[in-house]
Every structure is written in structure tokens, then in C-alpha cells.
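Taken together, the values in this text are just the output of simple stated rules run on the coordinates, not laboratory data. Note that the coordinates shown come from a computational prediction; the quantities given were computed from them, not determined experimentally. Here the Cβ is made from the backbone with ideal geometry for all residues, glycine too, and neighbour counts use every protein chain on show.
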Amino acid sequence: MRKLIKFVLFASALAIPVRALCASAWVNRAFVGAGGHVQIDDGVYAARGLPPEARQRALTALHAARGRIAATFGVPVARPMTNIAADDHEAARFGLADDVPGTAFISPLRTEVVLNLAHFSIDVTAHELIHAEVAQRPGFWTRVFELPV
Ligand SMILES: [Zn+2]
């Protein structure tokens with residue numbers, strides 16, 4: 001019986017990273033080129049075919065969001081990988097649910113922010129960048145084990 005319990009625990013523990021590795025949204029975020037995205041600014045990626053005015057709208061909003069963070073919490077220190085999706089379909093490929101303007105995926109290695117231009121909001125952009133700050137400033141270990149969240 002103990003061996004069975006150990007086996008089930010081991011298989012369950014193994015299933016989590018295998019599931020994560022096989023999820024296409026994870027692959028698309030980890031390898032932005034695989035998701036068809038190209039770098040449009042430092043740490044910011046968007047679809048190669050995204051019109052220049054849409055790129056500029058996203059970059060302007062990111063700049064303004066960082067300005068809000070700087071005004072309230074000091075100069076941002078987090079460097080999240082930020083993916084700009086043009087619509088719900090593209091956002092879904094990066095793990096964002098329909099009608100959601102943005103989200104942050106936090107891992108021990110980095111924070112990935114996905115923003116959907118179809119529902120774009122500077123408030124949400126600043127909110128997601130704050131998630132990256134909260135993940136970065138105390139460090140992974142402190143955030144996971146010492147912050148009461
Ligand atoms: Zn949030």
C-alpha cells in the first residue's frame with residue numbers, strides 16, 4: 001500500500017511539469033518565435049504583422065504604465081517578457097482567456113505578461129506590470145514563503 005501511495009505521489013508530481021511543458025500556450029510564451037511573435041522593444045514582443053499604429057499604441061501604454069509605477073512605487077525593476085496579442089484568438093494562443101485584457105504568468109525564472117489589444121486598458125497594463133514588480137522585488141523565495149498572499 002505504501003509503495004502504491006509513493007508511486008501515485010511520484011506520478012502526480014511528474015505529471016505537473018509534463019503537463020506544463022506540453023501546453024501550447026506555455027511553449028508559445030517560452031519561445032516567442034514559435035508563437036509567431038517578434039521583438040518590438042526591449043522585452044516586448046508582438047505579432048510580426050501587427051500594424052505600426054497598434055504597436056505604437058501598445059508601446060505608449062506600456063511607457064505610461066511604467067510611469068504610473070515609477071510615480072507610486074519608484075522606478076520599475078522587473079523586466080517581464082511582455083507579449084502583445086492583437087485579438088482574442090491570438091491572446092488564447094498565449095494562455096489568455098477571452099475578453100480578458102491582460103494577465104501575468106509568474107514563474108521562478110521570470111514573469112511573462114500577456115496583453116490583449118482588443119480589450120486594451122492602461123489600468124490593466126499597469127496592474128500586470130505591478131505583478132511583475134511584486135514577483136521581482138522580494139525575490140521568488142520570499143514571495144512564495146514569506147508574503148501572506
Ligand atoms: Zn492581477
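Give the Cα extents of the chain along the principal axes, in whole Å, largest first.
Its Cα atoms span 62, 34, 25 Å along the three principal axes.
On C-alpha positions alone, give me the angle between the axis of helix 52-73 and the longest principal axis of the chain, in degrees, nearest 10.
It is inclined by approximately 70 degrees.
Would you mind ranking Glu146, Glu90 so that the residue whose beta carbon has the fewest other beta carbons within 10 Å leads the list? Walk me through the intermediate numbers first.
Details: Glu146 10, Glu90 23.
Ascending Cβ contact count within 10 Å gives the list Glu146, Glu90.
Using only Cα atoms and rounding to the nearest 10 degrees, what angle (0 to 90) does helix 122-136 make with the longest principal axis of the chain?
Taking the Cα atoms of the chain, the angle to 122-136 is about 40 degrees.
Provide the three semi-axes, in whole Å and in decreasing order, of the ellipsoid equivalent to the range 104-149 as defined by the square roots of 5 times the Cα gyration tensor eigenvalues.
Whole-Å semi-axes of the equivalent ellipsoid: 23, 10, 7.
Can you tell me the convex hull volume per residue for the range 68-149, based on C-alpha atoms, in Å³ to the nearest whole number? Before the final figure, lay out each step's value.
Details: hull volume 7.8 nm³, N = 82.
Convex hull of Cα atoms, per residue: 95 Å³.
For Tyr45, which sequence-distant residues (separation of 5 or more, or a different chain) have an amide H within less than 5 Å of its own amide H, given hydrogens modelled in the peptide plane?
Ile40, Thr82, Asn83, Ile84
On a 0 to 90° scale, report how tilted helix 2-22 is relative to the longest principal axis of the chain, with both axes built from alpha carbons and the result rounded to the nearest 10.
That works out to roughly 20 degrees.
Using the Kirkwood formula over every pair of different C-alpha atoms, what hydrodynamic radius in Å results for the range 58-107? Don't jump to the answer; show the numbers that get you there.
Numbers: mean 1/r = 0.0809 Å⁻¹.
Here the Kirkwood hydrodynamic radius works out to 12.4 Å.
Using 1/(1 + (r/R0)^6) with R0 = 35 angstrom and r between the beta carbons of Asp88 and Met1, what's the FRET efficiency to the nearest 0.05? Intermediate results must be reported in sequence, preceding the final value.
On the way: r = 48 Å, r/R0 = 1.38.
Computed FRET efficiency for Asp88 and Met1 comes out at 0.15.
Taking amide H atoms as placed 1.01 Å from N in the peptide plane, list the residues 5 or more away in sequence, or in a different chain, whose amide H sits under 5 Å from that of Asn116.
Hits under the 5 Å cutoff: Ala85, Gly102.
If each residue's Cβ is checked for other Cβ atoms within 10 Å, how do Met1, Met81 rank with the fewest at the top?
Details: Met1 5, Met81 18.
The fewest-first ordering by Cβ neighbours comes to Met1, Met81.
Among Thr60, Thr82, what is the fewest-to-most ranking by other Cβ atoms within 10 Å?
With the fewest neighbours first, Thr60, Thr82 line up as Thr60, Thr82.
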